[in-house]
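Have a look at the structure below before the remarks.
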Amino acid sequence: MVHVALVQSASVPGDLAGNVERHAAWIGQAAARGARLVGYPELSLTGYELDRVAADPALTLTSDDPRLAPLREACAATGATAIVGAPTMLDGRRRLAALVVDGEHIRVYAKRRLFGRETDVFTPGTTPLVVSVGDSRIAVGVCADLGSQEQVREAATLDADAWLLGSLVSAEGYELEARQAASASTLLGGVVAFANHAAPTGGWAPAGRSGAWDRGTLLAAADGRDETIVLFDLSAPALRRPPVRHG
């Protein structure tokens, strides 16, 4: 069984170093409560600040960026794996990425379903990423990826037990996002969860209410928009029902 924490955090716009330090502190807090996997919102290390990212190359990271050292050190010290959001160079192009950080490695997932003005700033990714944490396999996603049934089926084909996304979900869009997460969890035959922002970012007012759904049923969620940690467990893969195949 893997204990998971969704960190519903507030990002300081453009403060990469400060946000990294705050993320490292959250990792310590989540691990102290038993979490082995810690997920953060979309673009959590910079805030959802598309204009800032486009204008300032220093806000775009690489997987071996020394500025990520506090995250690697926090994960090494606690044995946790963290999934953080950041603009990241991959194959020579800037991606809207989720970085999977453990004590030794940083792996990069690039968002495949870019939304709105993101297409002016980022190049979409093309490949999935599934990582092993304990006895569970976790598919990685970012926000609008949740609307792709193809990606859900792909995660099931790759034997993922859960799909964890970093998101930015507004109050107006929350009910749709929640329905999509519930539906995706049924299709996957496992858990689908997203971490949302806790404060306005990039002109968006997030709903908070980070949550997890297990085969169509709400498993855990934040009550509102305050900074908080949402904790839940992934059951052993052998206990999971087969995914539902549609079409």
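Descriptive notes on the structure:
- Cβ crowding within 10 Å averaged over residues, with 82-91, 143-152 ranked highest first: 82-91, 143-152
- Extent along the principal axes, Cα only, for the chain: 46, 38, 36 Å, with the longest axis given first.
- Based on C-alpha pairs under 8 angstrom that are at least 6 apart in sequence, the chain has a relative contact order of 22 percent.
- Estimated from the Cβ-Cβ distance and a Förster radius of 25 angstrom, the FRET efficiency linking Arg52 and Ala171 is about 0.60.
- In this calculation the C-beta distance from Arg117 to Gln149 is compared with R0 = 22 Å, giving a FRET efficiency of 0.35.
- Förster-model FRET efficiency, 30 Å R0, Asp65 and Thr127, C-beta, rounded to 0.05: 0.90
- Database remark: amide H of Trp163 closer than 5 angstrom to the amide H of Ala139, Val191, Val192, Ala193 (H placed geometrically; neighbours at sequence offset of 5 or more, or on other chains; Pro and chain starts carry no H).
- Label sites at Ser235 and Ala77, each approximated as a point 7 angstrom past Cα along Cα to Cβ, lie 3.6 nm apart.
- Electrostatic tally near Ala110: other residues with Cβ closer than 12 Å to its Cβ, Lys and Arg +1, Asp and Glu -1, net +4.
- What the phi angles of the stretch 132-147 give under the Karplus curve with 6.51, -1.76 and 1.60, with θ = phi - 60°, is a coupling list of 9, 10, x, 9, 10, 10, 10, 7, 10, x, 9, 6, 5, 3, 4, x Hz, glycine and proline written as x.
Rule-based calculations on the coordinates, nothing more; no lab input. Quantities reported herein were computed from a predicted structural model and do not represent experimental measurements. Note: ideal-geometry Cβ built from the backbone for every residue, glycine included; neighbour counts use all protein chains shown.
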